[in-house]
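Reviewing the structure listed below.
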Amino acid sequence: MTRSLRISVIIPTLNEEQTIATCLRQFQDGTPHEVIVVDGASTDRTVEAARHHSFVRVIQSPHYGRAVQMNLGAAEATGELLVFLHADTFLPARWQDAMLASIQQDGAVGGRFRLRLAEPGLAYRCIAWGTNFRSRVLGITYGDQVIYARREAFQRVGGFPLIPLFEDSEFCRRLRREGRFAWIDQPVITSARRWKVRGVMRTVLLMWLLRTLYTLSVPPDTLARYYGAVR
């Protein structure tokens, strides 16, 4: 397989001291082309931990917000393929091959992965199943599935919309209008911290309620007040 596309991994952070070093270690083999951490004014040692890795570019965002940070990272990136990774998420083996095949062989403009939660237990397996069903069947994709896009497609849709909630799913909806949005049936593994903080059932019900209200055109700024700051 040709590797003609350079890959930039963009990681938005805010107070990720406990996760960022482990996350970055998955790139110590020298791939991909570049790794960019865009920090939203962390008050802990996130930036210091990221700068400890010589292959990482650290950018300080003047404003916090995943959409703002990811768009800033994309503007600074030099790769033709942009990968947006959460700081508590790990890519599968040969992830680059899978992405490049979807772009170069299947003609996709971008895509996402199958989700697996790091926490054991039936409840977390059910959450992952529901997330994957929602993404494949309903077309609703969130950032913990690791979204990637060709740079030109990213630019055509205007990047991530500057809204405080569901910016990832809205971006994916717009990206699908540009062409094939690939599904990679290999799992990315992400932390279950969001569900552990609020509780599984409460978090699932809250997310479905917010999603329904968003579909009914309730402003994202209003919904974000109920979602809070749990990451």
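The values are calculated or read from the model by the stated rules, or taken from the named source; none is laboratory data. Worth saying up front: this structure is predicted, and the values here are computed from it rather than measured. Positions of Cβ are generated from backbone atoms using ideal geometry, with glycine treated the same way; all protein chains shown enter the neighbour counts.
Of everything in region 1-40 that's surrounded by 14 or more Cβ atoms within 10 Å (Cβ to Cβ) and among the small types (Gly, Ala, Ser), which residue is nearest to Val83 (Cα to Cα)?
Looking at the filtered set, the residue picked out is Ser8.
Go through region 176-203 and give me each residue that's under 19 Å from the mean Cα position of the chain (by Cα), assigned to a helix (DSSP H, G or I) and in contact (Cβ under 8 Å) with a residue 60 or more places away in the chain.
Answer for region 176-203, where residues must be under 19 Å from the mean Cα position of the chain (by Cα), assigned to a helix (DSSP H, G or I) and in contact (Cβ under 8 Å) with a residue 60 or more places away in the chain: Arg193, Trp195.
Quick grid of which residues meet (1) buried (at least 21 other Cβ atoms within 10 Å of the Cβ); (2) among the small types (Gly, Ala, Ser):
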position: Arg94; (1), (2): no, no
position: Met99; (1), (2): yes, no
position: Ala123; (1), (2): no, yes
position: Thr131; (1), (2): yes, no
position: Arg136; (1), (2): no, no
position: Gly143; (1), (2): yes, yes
position: Val146; (1), (2): yes, no
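What number of residues in region 214-231 are in a loop (DSSP other than H, G, I, E, B), under 16 Å from Tyr64 (Cα atoms) and at pLDDT 80 or above?
0
Kindly check whether there is at least one residue in region 18-29 that is part of a helix (DSSP H, G or I), in contact with a Leu (Cβ under 9 Å, 6 or more places away or on another chain) and closer than 26 Å to Arg193 by Cβ.
yes
Using beta carbons and a limit of 7 Å, which pairs, at least six apart or on different chains, have the first residue in region 33-53 and of a type in the set (Val, Ile, Thr) and the second one part of a helix (DSSP H, G or I) and surrounded by fewer than 19 Cβ atoms within 10 Å (Cβ to Cβ)?
What qualifies is Ile36/Glu76.
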